[in-house]
Amino acid sequence: MSFNRCKSRALFQRLTAAAVLSVSVFALPVMTQAATTAPATTGKVVPLDRVIAIVDDNVIMQSEFNQRLADIKRQIASRNISPPPESTLKQQVLERLIIDELQLQRAGRAGVRVDDQALNDAVRRIAGRNQMSIEQFRAALEADGVSFAQAREEIRKEMVINRVRQRYVGERINISDQEVDNFISSEEGRQQMSVSVRLGHILISTPDGAKPEQLQAAKREAEEIYSTLKGGADFAQTAVARSSGQYALQGGDLDWRKLDQLPTLFFEQVNKLNVGDITPAFRSPSGFHILKLTGKRGDEQRIMEQFHVRHILVKPNEIRSDLEARNIAEKIYQRIEDGESFAELARVYSDDTASALNGGDMDWINPNDMVPAFRDMVFDSQAKVVSKPFATPFGWHIMEVLGKRDTDVSDDYRRNQVRQILFNRKFEEELQVWLREIRDQAFVELKL
């Protein structure tokens, strides 16, 4: 990948946006510089930077605003979009900086952090998605005047913003079983959840009003082709050489298609096949067809190891720091070690209201339903052994694995897919509401 110096910051933003799941533009860290003097002939003090906005407990500097404004202008230019009027653009940029600052402050008060390991993993993913090693990624950034350390901190900031959104917005969203059922039974749901197949196709065509001898000749050719395919001939090569179908030059590949959207004649044939099977020649008004099922997805049986888990969660919040939450969790852990009931302590102290009433019992859960830090601890734990307190983005946990089992989760998997679709739709709506709320509640004084 080549890099153009004048587009380096816009490029950096494009590289990082997919990994951190939050859209923003690259901005240099705020560096408040002391005033310096102009040449002695003038004797005037020339400030190099100044405060342009007070946002609750912090400030936004002119240098930060200038950098963000320049970044957005480059980004707009790179997309060949006409920019809004300068005054409108400046207002939008300043508002974006204010919103970002409010989210970072909310994260700080809630103890939301991104440790170096999570940050390193994110940087590796960004580099990998752009076909680069870490060293190549570093070199590409620094060749364009962006220090690697600076880039890492921008990624960390975006990850923090994403986590605080997940915490405060995600907890507002509830997807009921009825909503899932309604989506599955809707036309949109049937289309999204239906089985998809990938087909290879060979057609031996016949003309309109074909005579009996023409039909017999086409049938014999189709049957002969079927015989060679069953004998091991390559389907794609045979399609290129002998098919008169529209996709013959693509080896007869029809790509992925929804099973319920296939022509009825095709559906009746394909519905009986396993992946790799080939149909005998069958006739339609256009001629004789041979199909091969090369792929199928959407109806797979999913066997998954599940875990029966109980836990106690202690959350940081606006009046309880992350360190205080950890200390409380450690005291609860010690009481369990001293013989007190896990279930009773969960009922009294756990901030996971969904499981607290059940003594912390989360029932049987799938690994994919856990955040990575919790899942890793579950995998590493022995059954019936209470873990020491450990952290996830939600807070500090004490956890015990009560049992393990293998189970068919195909239906649960499909329902969870629907839940995720509905969650994503609601999340964007709730996010805008939450951002308006924190903006309205904030003290902001503009000095621009």
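Read-outs: derived from the displayed coordinates by stated rules, not from any lab. Remember, it's a predicted structure, so these values are computed and weren't measured experimentally. Please note: Cβ atoms are built from the backbone with ideal geometry, for glycine as well, and neighbour counts cover all protein chains shown.
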Q: Please report how far the C-alpha centroid of region 289-336 lies from that of region 137-213, rounded to the nearest whole angstrom.
A: 22 Å
**Q.** Net +/- balance of residues flanking Gly108 in space, Cβ distance below 11 Å, scoring K and R +1, D and E -1
**A.** -2
**Q.** the chain: relative contact order as a whole-number percent, Cα under 8 Å and 6+ apart
**A.** 17 percent
Q: Show which aspartates and glutamates lie in cross-link reach of Lys219 when reach means a straight Cα distance below 16 angstrom and same-chain residues fewer than eight apart are skipped.
A: Asp208
**Q.** region 220-261: radius of gyration and largest Cα-Cα distance (Dmax), Å
**A.** 11.5, 31
Q. Based on the mean of other beta carbon atoms within 10 Å per residue, what is the order of 118-127, 254-263, most packed first?
A. 118-127, 254-263
(Q) If you average the C-alpha positions of region 374-448 and of region 264-288 separately, how far apart do those two centres end up, in angstrom? (A) 45 Å
Q.
Taking θ = phi - 60°, what integer Hz values does the Karplus form 6.51 cos²θ - 1.76 cosθ + 1.60 yield along region 71-82, in sequence order, with x for Gly and Pro?
A. 4, 5, 4, 5, 5, 4, 5, 5, 9, 6, 10, 6
Q.
Projecting each Cα onto the charge dipole of the chain (Lys/Arg +1, Asp/Glu -1 at the beta carbon, about the Cα centre), which of Gln91, Pro372, Val195 comes out farthest on the positive side?
A. Gln91
Q: Could you work out the mean projected area of the convex hull around the alpha carbons of region 303-408, in square nanometres to one decimal?
A: 6.4 nm²
Q) Which percent of Cα-Cα pairs in region 216-321 sits in each 10 Å bin, short to long? A) 11, 36, 21, 7, 7, 8, 7, 3, 0
Q.
Which lysines, if any, have their Cα less than 18 Å from the Cα of Lys272, not counting same-chain residues under 8 positions apart?
A. Lys230, Lys258, Lys292, Lys296
Q) Can you list the residues, at least 5 places off or on another chain, whose amide H is less than 5 Å from the amide H of Thr206, using H built in the peptide plane? A) Gly287, Phe288
(Q) Suppose a student asked you for the relative contact order of region 303-408, using Cα pairs under 8 Å spaced at least 6 residues apart; what percent would you report? (A) 45 percent
Q: Excluding Val314 itself, calculate the net charge of residues whose Cβ lies under 12 Å from the Cβ of Val314, where each Lys or Arg counts +1 and each Asp or Glu counts -1.
A: -1
Q. When ranked by the protection proxy of mean other Cβ atoms within 10 Å per residue, highest first, what sequence do the peptides 371-379, 175-183 form?
A. 371-379, 175-183
Q) Any idea what diffusion coefficient the chain gets from Stokes-Einstein, in µm²/s, Kirkwood Rh on alpha carbon pairs, 25 °C, 0.890 mPa s? A) 89 µm²/s
(Q) Of Gln269, Gly231, Gly245, which is farthest towards the positive pole of region 195-297's charge dipole, taken about the Cα centre with +1 and -1 on the beta-carbons of Lys, Arg and Asp, Glu respectively? (A) Gln269
Q: Would you mind checking which residues have amide H under 5 Å from Lys404's amide H? H placed 1.01 Å from N; only 5 or more apart, or other chain.
A: His308
Q) Where does the chain land at 222 nm, in deg cm²/dmol rounded to the nearest 500, when only DSSP H runs of n ≥ 4 count, each adding -39500 (n - 2.57), divided by all residues? A) -16000 deg cm²/dmol
Q. Measuring from label point to label point, each 7 Å out along Cα→Cβ, what is the Gln261 to Asp57 span in nm?
A. 5.2 nm
Q.
Give the lysines reachable from Lys404 as a straight Cα distance under 29 Å; neighbours fewer than 8 places away on the same chain don't count.
A. Lys315, Lys331, Lys384, Lys388
Q) If amide H atoms are built 1.01 Å from N in the plane of the peptide, which residues on other chains or at least 5 residues away come under 5 Å of the amide H of Thr392? A) His397
Q) Given +1 on the Cβ of Lys and Arg, -1 on the Cβ of Asp and Glu, and no further charges, what dipole in debye does the chain carry about its Cα centre, rounded to the nearest 20? A) 1340 debye
